[in-house]
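A quick write-up on the structure given underneath.
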Amino acid sequence: MNDIGSQDLRSVIRTIPDYPKPGIQFRDVTTLLGDARAFRRAVDELVQPFAGAKIDKVAGMEARGFILGGAVAHQLSAGFIPIRKKGKLPWTKVSIAYSLEYGLDEMEMHQDAVHPNERVILVDDLIATGGTAEGAIKLLKQLGAEVIAACFVIDLPALGGADKIRKLGVPVRTLMAFDGH
Ligand code: AMP
């Protein structure tokens, strides 16, 4: 398998204009996930700053964060924590409301998914306003986790999410940025 460059990584993201509504440019990572070299490269780049660091768990946000986060956890020999939409987890949960573009939703995590002082990395495919990641970080911190970093393949800097997360004191790693929404 030949190596794939960062520019090629960007070119395997599919952009769908006006999805799911007018004005939104949907950045589709399924084309990256379906490309063996690109998927490996993305996971390698996401974990690169943490190689050799002691990471206990990787938390991934439903649903694309499960795919990337699972691969990152495997690579770091860490456990995986699924953060899910309300009503999906079967055991005792903690939950938090988070803001979407229009209105609120709730995300949940099992209460015993993380233990105090465990070192956790958060993973998702994309950060836009940062509302989803902020909710996940609050849940993890509520259970006493130390959130070491939040990692995303794609940043939409115009929406300010990465800056919002950095202001919470959590370093942010992103592999590429796209203009606009
Ligand atoms: P936010 O909470 O605003 O940072 O939104 C992040 C979540 O919404 C991530 O789980 C993304 O998968 C999804 N998302 C937001 N905007 C886009 C977009 N333009 N293209 C693809 N996914 C998006």
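The values are calculated or read from the model by the stated rules, or taken from the named source; none is laboratory data. Fair warning: this is a prediction, and the values are worked out from it, not measured in the lab. Neighbour counts are summed over all protein chains in view; Cβ atoms, including those assigned to glycine, are modelled from backbone coordinates with ideal geometry.
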Please go through (1) at pLDDT 95 or above; (2) surrounded by fewer than 20 Cβ atoms within 10 Å (Cβ to Cβ) for VAL172 and return the number of the only condition it doesn't satisfy.
(2)
Checking LEU139, LEU143, LEU126 in turn, the sole residue that is closer than 25 Å to THR31 by Cα, surrounded by 18 or more Cβ atoms within 10 Å (Cβ to Cβ) and not hydroxyl-bearing (Ser, Thr, Tyr) turns out to be LEU126
Of the residues in segment 92-117, how many are more than 12 Å from the ligand (Cβ to nearest atom), of a type in the set (Gly, Ala, Ser) and touching a residue at least 12 places away in the same chain (Cβ under 8 Å)?
3
Of a type outside the set (Phe, Trp, Tyr), closer than 22 Å to ARG40 by Cβ and away from the ligand (no atom under 13 Å from the Cβ): which single residue out of ILE154, ILE67, ILE148, ILE121 fits that description?
ILE121
